[in-house]
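Encoded as structure tokens, the structure appears first; notes follow it.
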Amino acid sequence: MSGKHFDKAAAGWDQKQRRVELAAKIAAAISSTLPLNKKMAALEYGCGTGLVGLALAPQLATLTAVDTSTGMLEVLAQKIKSDEITNVTPLRLDLLQESLTDRFDLIFCAMTLHHIKEADQLLARFCDLLADGGYLAVADLKTEDGSFHDAEADGVMHHGFNPEELVKTLTKLGLNQVAVQEVHSLTKTNDVGVERAYPIILLTGRKG
Ligand SMILES: C[S@@+](CC[C@H](N)C(=O)[O-])C[C@H]1O[C@@H](n2cnc3c(N)ncnc32)[C@H](O)[C@@H]1O
């Protein structure tokens, strides 16, 4: 899907119950797997409307919520304003084009990696941005047959990921305690009317 697609989809994004449920599962899995605390400076990449990030923000000191879609960031900014949230800052940024000088105690990324062609490069960028002792959490589709997205969807760069390959990649990048778990099974009726389940995996690791 292109940036424009996400801009257009932003206003209705939270209306799909399966997206809201998936985000809640991912947030709960990150929270129960990693030792989050109120001193942590966190970064979410591909934050969308904040379904995952806003669920975790109360357990963190600060959250920088990054996305390339202005539409998604606008919806998030409205939520921040109406709920008077003080520790979440939306930021429009493409981490493969520009970086940040800050370092983070936690970086998380939900359902976004499959939209990034240079996925390994982005994982390396995440590792660079982690502070010593910082944690990484990446949730995405396990390898699927390409039926997850509708035929007209563009910007889909990977049909999910092989969990063992992701573990190898993070280990090569120098992270410790690298682990992968299945955190949800998303049931969806695909383009040809067939209902099927798509496993969602959570990859975690620690720097230093
Ligand atoms: C499937 S949505 C997931 C949104 C959110 N994480 C959630 O779970 O509800 C993917 C998000 O990644 C963003 N995205 C796509 N390509 C990106 C890129 N290169 N850099 C940053 N964000 C990107 C999109 O704008 C969109 O908000």
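The values are calculated or read from the model by the stated rules, or taken from the named source; none is laboratory data. All figures in this text were calculated on a predicted structure; none of them were measured in a lab. A quick note on method: Cβ atoms are made from the backbone with ideal geometry, for glycine too, and the neighbour counts reach across all protein chains shown.
Structure summary
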quantity: Every residue from the stretch 1-58 that is at positive phi and touching a Phe, Trp or Tyr at 6+ places or on another chain (Cβ under 7 Å); calculated: GLY48
quantity: Tabulated pairs, the stretch 95-107, first at positive phi, second at pLDDT 95 or above, C-beta under 8 angstrom, 6+ apart or interchain; calculated: none
quantity: Tally, over the stretch 172-208, of residues that are of a type in the set (Asp, Glu) and modelled with pLDDT of 95 or more; calculated: 1
quantity: Hits in the stretch 100-137 - residues which are hydroxyl-bearing (Ser, Thr, Tyr) and closer than 20 Å to ASN37 by Cα; calculated: TYR135
quantity: Residue match in the stretch 65-80 (condition: more than 8 Å from the ligand (Cβ to nearest atom), assigned to a loop (DSSP other than H, G, I, E, B) and at pLDDT 95 or above); calculated: no
quantity: Residue count for the stretch 29-46, restricted to those that are aliphatic (A, V, I, L, M) and without any contact (Cβ under 8 Å) to a residue 40 or more places away in the chain; calculated: 0
quantity: Lone qualifier among ALA61, ALA10 - being in contact (Cβ under 8 Å) with a residue 24 or more places away in the chain and within 24 Å of GLY205 (Cβ to Cβ); calculated: ALA61
quantity: Qualifying residue in the stretch 126-143 (condition: out of contact with any strand residue (DSSP E or B) (no Cβ under 9 Å at 6 or more places or on another chain) and either outside any loop (DSSP other than H, G, I, E, B) or closer than 23 Å to ALA77 by Cα (or both)); calculated: yes
quantity: Condition check for LYS207: more than 26 Å from GLU21 (Cβ to Cβ), surrounded by 15 or more Cβ atoms within 10 Å (Cβ to Cβ) and either over 16 Å from the mean Cα position of the chain (by Cα) or touching a residue at least 60 places away in the same chain (Cβ under 8 Å) (or both); calculated: yes
quantity: Residues satisfying the stated conditions in the stretch 103-125, i.e. small (Gly, Ala, Ser) and either away from the ligand (no atom under 11 Å from the Cβ) or outside any helix (DSSP H, G or I) (or both); calculated: ALA110, ALA124
quantity: Residue match in the stretch 153-163 (condition: under 18 Å from PHE108 (Cβ atoms) and not in a loop (DSSP other than H, G, I, E, B)); calculated: yes
quantity: Residue ID - farthest from the ligand (Cβ to nearest atom), chosen from residues in the stretch 26-49 that are assigned to a loop (DSSP other than H, G, I, E, B) and within 10 Å of the chain's Cα centre (by Cα); calculated: CYS47
